[in-house]
Amino acid sequence: MNIQGQAALVTGGGSGLGEATARELARLGAKVAVLDVNLDNAQRVAADIGGVAVRCDITDTDSLQNALDQAAAAHGPARILMNIAGIGTAKRVVGKDGNPAPLEDFAKVINVNLIGTYNASRLFAAACAKLDPLEDGERGVMMFTASVAAFDGQVGQQAYSASKGGLVGMTLPMARDLAQHGIRVCTIAPGLFATPLMKQLPEPVQASLAASIPFPPRLGKPEEFAQLAAHIVSNTHLNGEVIRLDGALRMAPR
């Protein structure tokens, strides 16, 4: 798909990997709707790239549908969906006090990362399937954001790894399901990236994490994630695939 002139939705577009992706798509000529639960962040990014900002909670169907409607009113129907919104947590199954981890913590991560992504994807796909096909019969493309934790999660990452593993497992069946409508589905599984959350860690910790990456021995740059996300859009033969973007990193148990 030629990105130029297409309407794109980026969930979690107000910061980190989402912000970088929104900026890259806009640079390539897309009309970008920045969807984020933090409206101030979304407005900041949208103002910079000439897009539209919409507050959106991907776990709330009414909020999502409203965001899609606002984006369509501004830019026309979207053919690109970048699912990047997500949260993380780390909690041992049995705490130091001997008590089990709260079930609510696990459920919250699954609800945002996995169910929220599916929620956004199903609404996008239903609208996209009604559009006229482009070249090769393509109508749209969506991307999930998993993590290397889907494959080698660390101690305490049960909820996060399960949510991201769910996205990995959803990629191929979703691509097969939506093939009849000409909608592609791919997933990026990033490793350690220099996001605002990562930058909150002490410098020695960041340096230690960077040194664990075989090559290049540094944290990933958000723009590198964004470049791959954009390539997925432009390369029509990429479908049903999960791509690790991690500098050959394999996470240690802890």
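Quick notes
- Hydrodynamic radius by Kirkwood, which averages 1/r over all alpha carbon pairs of the stretch 1-109, in angstrom: 14.7 Å
- Gyration tensor (alpha-carbon) shape descriptor, the stretch 1-43, a/c threshold 1.5: prolate
- Point-charge dipole on Cβ atoms (K/R +1, D/E -1) for the chain, about Cα centre, debye to 20: 440 debye
- Relative to the longest principal axis of the Cα atoms of the chain, helix 61-75 runs at roughly 50 degrees.
- The convex hull built on the alpha-carbon positions of the stretch 95-203 has an orientation-averaged projected area of 9.2 nm².
- All C-alpha pair distances within the chain, sorted into 5 Å bins from zero, spread as 1, 7, 14, 18, 20, 17, 12, 7, 4, 1, 0, 0 percent across the bins.
- Signed unit charges on C-beta, dipole axis of the stretch 106-179, positive-most listed residue Met142, Leu114, Leu131: Leu114
- Long-range amide H partners of Phe193 with built H, under 5 Å: Gly220
- Helix-only mean residue ellipticity at 222 nm for the chain, each DSSP H run of n ≥ 4 adding -39500 (n - 2.57), per residue, nearest 500: -13000 deg cm²/dmol
- Of all lysines in the structure, those lying under 18 Å Cα to Cα from Lys91, and not within fewer than 8 positions of it along the same chain, are Lys108, Lys164.
- Selected from Ala211, Leu178, Asn235, residue furthest toward positive end of dipole (the chain; charges at beta carbon): Ala211
- ³J(HN,Hα) computed for each position of the stretch 84-97 - Karplus, 6.51 cos²θ - 1.76 cosθ + 1.60, integer Hz, glycine/proline x: 10, 4, x, 10, x, 7, 9, 8, 5, 4, 10, x, 4, 7
- Summarising the label geometry, the points placed 7 Å from Cα in the beta-carbon direction at Asp105 and Arg27 lie 3.8 nm from one another.
- Among Ala78, Thr59, Val34 the positive-end extreme of the charge dipole of the stretch 1-87 (Cβ point charges): Ala78
- Rounded if a/c under 1.5, otherwise prolate or oblate - the stretch 96-159, Cα gyration tensor axes: oblate
- Degrees between helix 158-178 axis and first principal axis of the chain (Cα, 0 to 90, nearest 10): 30 degrees
- In sequence order, calculated HN-Hα J values of the stretch 101-108 (Karplus, 6.51, -1.76, 1.60; Hz; x Gly/Pro): 4, x, 4, 4, 5, 4, 4, 5
- The per residue volume of the convex hull around the alpha-carbon atoms of the stretch 139-254 is 101 Å³.
- For the stretch 1-105, a simple Cβ point-charge model (Lys and Arg +1, Asp and Glu -1, everything else neutral) yields a dipole of about 380 debye relative to the Cα centre.
- With Cα atoms, 0 to 90° folded angle of helix 39-49 axis to the chain main axis: 60 degrees
- In terms of its Cα atoms, the stretch 22-67 spans 30, 18, 12 Å along the principal axes, sorted from long to short.
We did not get these values from a lab; they are worked out from the coordinates using the rules stated. Just so we're clear, the structure is a prediction, and the values are computed from it rather than from any experiment. Cβ: placed from backbone, ideal geometry, glycine included. Neighbour counts: every protein chain shown.
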